[in-house]
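The structure appears right after this line, and notes come after that.
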Amino acid sequence: MATAKIGMIGLGVMGQNLALNIERNGCSVAVYDREPAVLDAFVARHTGKQLFGFHSPQEFVASLERPRKIILLVKAGDPVDWTIDLIKPSLERGDIIIDGGNSFFKDTERREKELQATGMFMIGSGTSGGEKGALLGPSLMPGGDRNAYEQIRPIWEAIAAKVPDGPCVTYIGPGGSGHFVKMIHNGIEYGDMQLIAEAYWIMQQGLGLEVAELADIFDEWNRGELESYLIEITAQILRVKDPETGKPLVDLVLDKAGQKGTGKWASQIALDLGVAIPTIDAAIVARNISAQKSERVAAAQQFSAPASSEAVGNKQQMIAAVRDALYASKICSYAQGMNVIKAASEQFAWDINLSETARIWQGGCIIRAKFLGLIKDAYLRQPALVNLLLNDEFRARIDRSQVSWRMIAAHAIKMGLPIPAFAASLSYFDLYRSANLPLNLTQAQRDFFGSHTYERTDKPEQGFVHTEWEELLEKQKG
């Protein structure tokens with residue numbers, strides 16, 4: 001007898017919380033985990049709820065209403081394939097597997113094709129919001145067969161975070177598009193976090209502000225245009241004191257940042273698509289170098305910071321300048337991320353709605369922010385917008401920020417403070433706004449050593465031409 005509307009495999013914290021979220025919203029849930037003790041403890045803690053534990057994959061599958069809907073929340077990579085192989089013999093045509101983890105989108109497309117060959121479906125659903133989001137309402141990014149999604153849509157809309165314009169879930173597109181969008185979301189998250197860290201560092205190291213002062217500043221920023229989850233938790237983090245020493249706990253955290261690989265994937269696919277995402281790349285580089293703690297400590301003993309006699313000036317004006325630089329840098333970072341999604345949508349014929357993508361990120365997810373409402377509106381008014389920098393509101397905001405942005409970057413560089421993401425955003429902006437670049441010399445070099453040809457600015461009708469540079473030089477000498 002079927003006892004559950006949907007199944008959950010994988011009872012880590014995310015899996016447990018998402019199962020509880022689904023059950024709270026009126027759906028009975030069958031649960032399975034390869035660790036019986038984890039399974040039994042979870043079910044025992046929630047006696048009385050519509051949560052049913054099963055110790056064998058066969059019993060688990062048999063407990064589900066048809067067509068069966070099974071969520072996987074297991075580690076990306078081989079464990080997803082192992083889990084599918086575990087339950088596949090018990091499944092039937094029309095059954096739906098939903099991968100809610102951070103799988104690489106091409107793996108999702110491979111699995112979808114393998115399941116389709118037997119009449120079953122795969123939904124790759126990006127899930128953002130961490131542990132609390134899974135329990136209280138995440139941002140969900142489902143991709144795959146549209147008809148299969150329609151069968152889970154009522155559940156997904158019920159469990160997603162809610163914002164004034166609806167639940168934070170939308171059908172992203174076919175194939176692996178859902179996991180692709182989640183991957184780029186994570187890349188944007190990397191950029192956001194690095195930019196915030198650099199703003200914190202500039203104010204602490206460059207302006208000499210105390211941690212308590214920084215907490216107040218971030219708290220104030222969170223009441224303005226920078227309002228976001230990451231700014232909010234930054235203010236909270238800066239207020240926490242270590243119970244043993246009484247020092248700000250953040251000062252006792254080792255400066256080695258981890259990563260799970262989705263940011264790296266974002267950089268790799270952006271290169272494949274020919275889209276520049278230097279702010280996100282810089283954030284990944286910063287994490288990689290942060291991991292080299294012993295090398296950095298040794299290098300710090302070999303090199304001294306530059307001696308800067310420049311006065312800080314009015315601190316309140318400098319703080320305001322950091323805020324403006326952070327906002328302008330964020331515009332560039334999000335523009336880069338949205339451009340990757342746009343390019344992939346065109347490359348893979350996914351027809352992704354960029355306005356809807358920004359809308360569902362307004363709640364539940366880690367990058368949720370007031371800022372996303374403006375991005376949603378920008379793409380709603382101009383679905384074919386080439387770059388967010390060209391949106392009237394963002395263009396005007398960057399224009400107002402340029403002096404502050406450049407001043408803060410220069411101040412940090414003079415002091416020897418690393419600002420890879422701030423600098424990358426500013427350079428991206430300067431590259432994008434430049435009608436002429438020094439790459440004419442690069443193309444000439446390529447033609448010189450490799451006969452790669454070039455186009456002439458004065459004779460475009462000729463198309464690509466090649467010059468024998470050394471031969472021409474010799475003739476001119478004579």
* Asked: If the cut-off is a Cα-Cα distance under 15 Å, which aspartates and glutamates reach Lys342, setting aside same-chain residues fewer than 8 apart in sequence?
  -> Asp272, Asp351, Glu356
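Where the only charges are on Cβ atoms (+1 Lys, Arg; -1 Asp, Glu), what is the dipole of the chain about its Cα centre, to the nearest 20 debye?
Details: 50 positive and 57 negative charges, 120 e Å.
My answer is approximately 580 debye.
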* What list of whole percents do you get for P(r) of region 316-445, with Cα-Cα distances grouped in 10 Å bins up to the one holding the largest distance? -> 11, 36, 33, 16, 3
* Asked: Tell me, what is the FRET efficiency for Ala305 and Ala212 to the nearest 0.05, using R0 = 22 angstrom and their Cβ-Cβ distance as r?
  -> 0.35
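Grab the eigenvalues of the alpha-carbon gyration tensor for region 273-357, scale each by 5, take roots, and send me the semi-axes largest first in whole angstrom. Mind showing how you got there, number by number?
Working: eigenvalues 260, 98, 16 Å².
Value: 36, 22, 9 Å, ordered largest first.
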* Starting from 0 in steps of 10 Å, tell me what percent of the Cα-Cα pairs of region 172-241 lands in each bin. => 19, 41, 22, 13, 5, 0
* **Compactness of the chain - radius of gyration and Dmax, Cα, Å** => 25.8, 96
* To do: Whole number in Å², please: accessible area per residue of the chain, 1.4 Å probe, ligands, DNA and RNA not counted.
  => 48
* Theoretical ellipticity at 222 nm over the chain - DSSP helices of four or more residues, -39500 (n - 2.57) apiece, nearest 500 -> -17500 deg cm²/dmol
* Structure fact -> Per the Kirkwood formula over distinct C-alpha pairs, the hydrodynamic radius of region 40-138 in angstrom is 14.7
* Structure fact -> Carbon/sulfur accessible area of the chain, % of total, 1.4 Å probe, equals 53
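How big, in percent, is the set of alpha carbon pairs in region 319-395 lying more than 15 Å apart? It would help to have the intermediate numbers written out before the result.
On the way: 1638 of 2926 pairs.
Counting every Cα pair in region 319-395, those more than 15 Å apart make up 56 percent.
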* To do: On a C-alpha basis, how far is the centre of region 109-156 from the centre of region 191-268 in Å? Whole number, if you could?
  => 33
* Asked: How much accessible surface area, in Å² rounded to 10, belongs to the heavy atoms of Tyr454 with a 1.4 Å probe?
  -> 40
* Where in the chain lies the longest segment free of GluC sites (Glu not before Pro) that are both loop residues by DSSP (not H, G, I, E, B) and have at most 10 other Cβ atoms within 10 Å? -> 1-243
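Restrict the search to region 152-258; then list the trypsin sites (Lys or Arg not before Pro) that DSSP places in a loop and that have at most 13 other Cβ atoms within 10 Å of their Cβ. Walk me through the numbers on the way to the answer.
Details: sites: Lys162, Lys182, Arg223, Arg239, Lys241, Lys256; in loops: Arg223, Lys256.
Passing sites in region 152-258 are Arg223, Lys256.
Roughly what % of DSSP beta bridges within the chain run antiparallel, to the nearest 5? Numbers along the way, then the final one.
Details: 12 of 33 bridges.
Beta bridges within the chain, antiparallel portion: roughly 35 percent.
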* **Taking the chain and dividing mean pair separation by its residue count, relative contact order in percent (alpha carbons under 8 Å, at least six apart)** => 13
* **Spatial separation of Cα centroids for region 43-102 and region 363-392, in angstrom** => 36
* Got a number for the accessible area of Tyr229? Probe 1.4 Å, square angstrom, nearest 10. -> 60
* Candidate lysines for bridging to Lys256, where Cα separation is under 25 Å - those fewer than 8 sequence places away on the same chain excluded -> Lys75, Lys132, Lys182, Lys241, Lys247, Lys264, Lys293, Lys330, Lys414
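The values are calculated or read from the model by the stated rules, or taken from the named source; none is laboratory data. None of the values given here were measured: they were computed from a predicted structure. All Cβ positions, even for glycine, are placed from backbone atoms using ideal geometry, and neighbour counts span all protein chains on display. In case anyone asks, the SASA skips ligands and DNA or RNA and just uses the protein heavy atoms, side chains included. Shrake-Rupley method; radii C 1.70, N 1.55, O 1.52, S 1.80 Å.
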